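Trainee: Structure incoming, see below.
The values are calculated or read from the model by the stated rules, or taken from the named source; none is laboratory data. Not measured: the values here are computed from a predicted model. Virtual Cβ from ideal backbone geometry, glycine too; neighbours counted across all protein chains shown.
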Amino acid sequence: MAAYDVAIIGAGVHGASAAMHVAARGARVVVLERATPASGPTGQSSAVVRGYYVNEFLARLTRDSIDLFHGFTDWTHGGQAGFVTTGALFLHAEEDGPQMRRTVERLDAQGIRTELIPASGVAADFPGFDLAGIGWGAWEPDAGHADPVGTTLGMLERARQLGAQVRSDCPVVAVEPSGKAVRLRTAGGEHVTAERVLLAAGPWTGELLARVGVVLPLHAERHIVATFGWGGAEPLPYVWASIPDGIYAKPEHAGQFLVGTLWEEPAADPDRYESELWPEEHLRVVEPAVRRVPRLAEATATSGYAALYDVAPDWQPVIGEVADRVTIVAGTAGHGFKWAPALGAHVADLLTGEPGDPALEQFSPARFARGSLLGGGYGKARILG
């Protein structure tokens, strides 16, 4: 008999959510983390939470996660997700209007309040933007942002309360499916057996897949995030994104805000990438941000960093079984944080043999072999799913 029902490799936000949901069903769970919880891309996430998605299922996941964020402390018996409702404004070129209208109508039908606003309305309701090249805005009043580390630790601690074991500094170096169990070997030489395994290792997923003879077109990308103080600029108290410029911005605590990128970036080695922000990279986001919001010229640069995204060719998540008794959650491409609290329940279905939501099938790893890549987003901003 296997020592555990489920072993989860990775204690980022997706591994933590799955651990909590699986443990709540009475399963014996162990989480094996190569470093410490949320120490990878999760801890670097800007943690924007918005339901503004082209994909209906991802929008629904975010809607359900927002409900969980609002009741997070009760749900996790003490966790602190730090969720703040700010609203989010998305600026689009004129040609995006027809698709935006369809998306907004569907989101409203799903209970995700979203308003389509012509450029004239944006100018009236959201002063301060230079709307050159902008035809439309979409306003989602219930969007906001959360604390990615607090969210992860809250779910992981609840998993512990429910009986899960969490092991830090425990990298897995071998994954060996065998009969009715999967045997894992850690860098310390320990063997762990489980009836099912979840790979939730972010940009390190590909390396682990290779250990079970599976190759998927996943890669890591290095995305920059620059941070600023408001300085003499009047603060913008909400999240905003300019799709034509490929940037987004989020207000932070302590009088700061950050600006990050929406478009694809070069591939990176997750074990050998530059985490520091170069001066010219600051300019890459400063220039479009100031062009779009001229008063940000009065802001003061403070710091910044580069974060890793694990990316599939279509920028949509990869969820499902990849080998006998081995399941993955991968390819979340820098926008998976917001779904994680609710997605864990669907992943728990896969791991415990419960009937799953048929909508999950679209994210199957098998879609690459079938040539069934998913559409989503707007032009180069495929992160809008």
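Trainee: Need the failing condition index for G385 against (1) surrounded by 21 or more Cβ atoms within 10 Å (Cβ to Cβ); (2) at positive phi; (3) modelled with pLDDT of 90 or more, just the number.
Mentor: (3)
Trainee: Evaluate the following for A297: is it closer than 28 Å to G40 by Cβ and modelled with pLDDT of 95 or more?
Mentor: When the stated conditions are applied, A297 does not pass them.
Trainee: Out of D96, D64, I need the residue that is within 30 Å of A164 (Cβ to Cβ) and part of a helix (DSSP H, G or I). Which one?
Mentor: D64 is the lone residue from the list that is within 30 Å of A164 (Cβ to Cβ) and part of a helix (DSSP H, G or I).
Trainee: Yes or no: segment 62-77 includes at least one residue that is outside the structural domain of D271 (by TED's automatic domain parsing), out of contact with any Phe, Trp or Tyr (no Cβ under 7 Å at 6 or more places or on another chain) and small (G, A, S).
Mentor: yes
Trainee: Determine which single condition G163 fails, assuming it passes every other condition in (1) surrounded by 16 or more Cβ atoms within 10 Å (Cβ to Cβ); (2) in contact with a Gly (Cβ under 9 Å, 6 or more places away or on another chain).
Mentor: (1)
Residues checked against (1) in a helix (DSSP H, G or I); (2) of a type in the set (V, I, T); (3) more than 23 Å from the chain's Cα centre (by Cα):
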{"residue": "A159", "(1), (2), (3)": "yes, no, no"}
{"residue": "V166", "(1), (2), (3)": "no, yes, no"}
{"residue": "C170", "(1), (2), (3)": "no, no, yes"}
{"residue": "P177", "(1), (2), (3)": "no, no, yes"}
{"residue": "R183", "(1), (2), (3)": "no, no, yes"}
{"residue": "G188", "(1), (2), (3)": "no, no, yes"}
{"residue": "A194", "(1), (2), (3)": "no, no, yes"}
{"residue": "W204", "(1), (2), (3)": "yes, no, no"}
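Trainee: With segment 270-385 as the region, which helices (runs of 4 or more DSSP H) entirely inside it contain at least 2 residues that are touching a helix residue (DSSP H, G or I) at 6+ places or on another chain (Cβ under 9 Å)?
Mentor: Fully inside segment 270-385 and qualifying: 279-292, 340-352.
Trainee: Return the pair list, or none, for Cβ contacts closer than 8 Å from residues in segment 77-93 that are on the phi > 0 side of the Ramachandran plot to residues that are of a type in the set (F, W, Y), at least 6 apart or on different chains.
Mentor: So the pair list comes out as G87/W139; G87/Y238.
Trainee: Can you tell me which residue in segment 137-169 is nearest to G336 (Cα to Cα), limited to those that are of a type in the set (A, V, I, L, M, F, W, C) and in contact with a Lys or Arg (Cβ under 7 Å, 6 or more places away or on another chain)?
Mentor: Out of the qualifying residues, it is A143.
Trainee: Looking at the structure I just gave you, is A254 among the aliphatic types (A, V, I, L, M), surrounded by fewer than 19 Cβ atoms within 10 Å (Cβ to Cβ) and at pLDDT below 90?
Mentor: Considered against the rule, which asks whether it is among the aliphatic types (A, V, I, L, M), surrounded by fewer than 19 Cβ atoms within 10 Å (Cβ to Cβ) and at pLDDT below 90, A254 comes out as yes.
Trainee: Against the definition (surrounded by fewer than 21 Cβ atoms within 10 Å (Cβ to Cβ), more than 20 Å from F368 (Cβ to Cβ) and touching a Pro at 6+ places or on another chain (Cβ under 8 Å)), how does D349 come out, yes or no?
Mentor: yes
Trainee: Let me ask something else. Name the residues in segment 47-61 that are not in a strand (DSSP E or B) and not small (G, A, S), would you?
Mentor: Of everything in segment 47-61, those that are not in a strand (DSSP E or B) and not small (G, A, S) turn out to be R50, Y52, Y53, V54, N55, E56, F57, L58, R60, L61.
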